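The values are calculated or read from the model by the stated rules, or taken from the named source; none is laboratory data. The model shown is predicted, which means the values in this text are computed figures rather than measured ones. Note: ideal-geometry Cβ built from the backbone for every residue, glycine included; neighbour counts use all protein chains shown.
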Amino acid sequence: MIPFFTAAHVEQAVPPERALVAVREAFVAYARGEWTMPPKVYVPAYPAGDFRAMPALGGGHALLKWVTSFPGNPARGLPTVTGIVLLSDASNGALVAALDAGAVTAIRTGAAAVLAAETLGRADARSAAVVGCGVNGVATARAFRASGRPVLVWDVDPARAIEAAELVGAEVAASRGAALAADLVATVTPGRELLLGEGSLRPGQHVSLMGADGPGKAEIAVGELARVRLFCDSWEQASHGGELAAAVEAGIVTEADVTELGAVLAGEAEGRRSDEDATAFDSTGLAIQDLAIARAALAAASELGDLPQIPV
């Protein structure tokens, strides 16, 4: 028998404060070569969505996440992201836990967005905002609040923005433009519409681009990517299926133009150079982040009481 962490259990075991620490440690371990992550495998089911298989190894554990992204699902009353995370003991291959993939994904997405913003944003940044109030957007707003920041939220659906604000103790932005004007911005949308046109980021501003995690998605104009300082979670993923992919294909951005966040956190690469830098972080979602959250949940299992058990 192994424990199964439902979405509620994952959220209880790994609050944003723990998630921020765990994801930071995972980025550093990956940058130093201590954790490994084979390429993410996409199984297209377009135009409806896709399936993804994401493996990782580190910290004495191995992980496989089987997860979906079906952006049209909310209109049918279904979640965009569903799936399961399997965690194994790397010393003997034994399966030790299974976790709800949607909750793991949301928590690590929020942690990565805020970790990038706090690392790459100006030291004197005052305002923060989240554009997109789905499950991952709410998790991102929660992570901003856990880092001690007040946060604005905005969504195309005003009711959803109000609900998100009430959940996390945020304020609803007066408009999308007002949210996008914050010092630290996280865009957490389906990636079907450009939010940031060329010339839109002002000096000193930071944006964590969380929505364009697959082919054909974009939240920022290619011309704007060429104008600002660029960071990503993984060059290999981002250059092929992330926000950077179109700019790379057009020959506007090369690997030399982009710094991986883990290298900055590990002290191996430069982050923000000046208060005048406009910075952008392209997140495609890494299995090492999922591994960090799964391990944190397992470590906190004793705090949760009786977890559901699955026979194996």
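Quick notes on this structure:
- Subset of region 30-40 that is farther than 11 Å from Gln289 by Cβ and not charged (D, E, K, R) - its residue that is modelled with the lowest pLDDT: Pro39
- Selection status of Ser208, within 15 Å of Val222 (Cβ to Cβ), among the hydroxyl-bearing types (Ser, Thr, Tyr) and out of contact with any Leu (no Cβ under 6 Å at 6 or more places or on another chain): no
- Failed condition for Ala300, given (1) of a type outside the set (Asp, Glu); (2) under 28 Å from Glu243 (Cα atoms); (3) not assigned by TED's automatic domain parsing to the domain that holds Gly214: (2)
- The condition (being at pLDDT below 95 and either over 20 Å from Ile310 (Cβ atoms) or of a type in the set (Gly, Ala, Ser) (or both)) is satisfied by just one residue among Gly93, Gly77, Gly110, Gly83: Gly77.
To keep it simple, each residue is scored yes or no on (1) buried (at least 21 other Cβ atoms within 10 Å of the Cβ); (2) closer than 13 Å to Ala287 by Cβ; (3) among the basic types (Lys, Arg); (4) in the same structural domain as Thr189 (by TED's automatic domain parsing).
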site: Val67; (1), (2), (3), (4): yes, yes, no, no
site: Phe70; (1), (2), (3), (4): no, no, no, no
site: Val81; (1), (2), (3), (4): yes, no, no, no
site: Asp89; (1), (2), (3), (4): no, no, no, no
site: Asn92; (1), (2), (3), (4): no, no, no, no
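- So Ala97, is it more than 20 Å from the chain's Cα centre (by Cα), assigned by TED's automatic domain parsing to the domain that holds Ala292 and in a strand (DSSP E or B): yes
- Odd one out for Arg295, checked against (1) closer than 15 Å to Ala31 by Cα; (2) charged (D, E, K, R); (3) not assigned by TED's automatic domain parsing to the domain that holds Glu236: (1)
- The requirement of being crowded, with 20+ Cβ neighbours inside 10 Å, within 25 Å of Gln289 (Cβ to Cβ) and in contact with a Ser or Thr (Cβ under 6 Å, 6 or more places away or on another chain) is fulfilled nowhere in region 152-159; no residue meets it.
- Residues of region 276-306 that turn out to be in contact with a His (Cβ under 7 Å, 6 or more places away or on another chain) and surrounded by fewer than 17 Cβ atoms within 10 Å (Cβ to Cβ), as a count: 1
- Test for Asp100: is it within 28 Å of Met37 (Cα to Cα), touching a Phe, Trp or Tyr at 6+ places or on another chain (Cβ under 8 Å) and acidic (Asp, Glu): yes
- Filtered residue count, region 1-46, keeping only those that are β-branched (Val, Ile, Thr), farther than 20 Å from Leu304 by Cα and not in a helix (DSSP H, G or I): 3
- Positions within region 104-129 being in a helix (DSSP H, G or I) and not aliphatic (A, V, I, L, M), in sequence order: Thr105, Arg108, Thr109, Gly110, Glu118, Thr119
- Ala139 fulfils the conditions (1) assigned to a helix (DSSP H, G or I); (2) buried (at least 24 other Cβ atoms within 10 Å of the Cβ); (3) without any contact (Cβ under 8 Å) to a residue 60 or more places away in the chain except for a single criterion, (3).
- Single residue of Ala186, Ala179, Ala161, Ala174 found to be at pLDDT 95 or above, part of a strand (DSSP E or B) and not assigned by TED's automatic domain parsing to the domain that holds Ala53: Ala186
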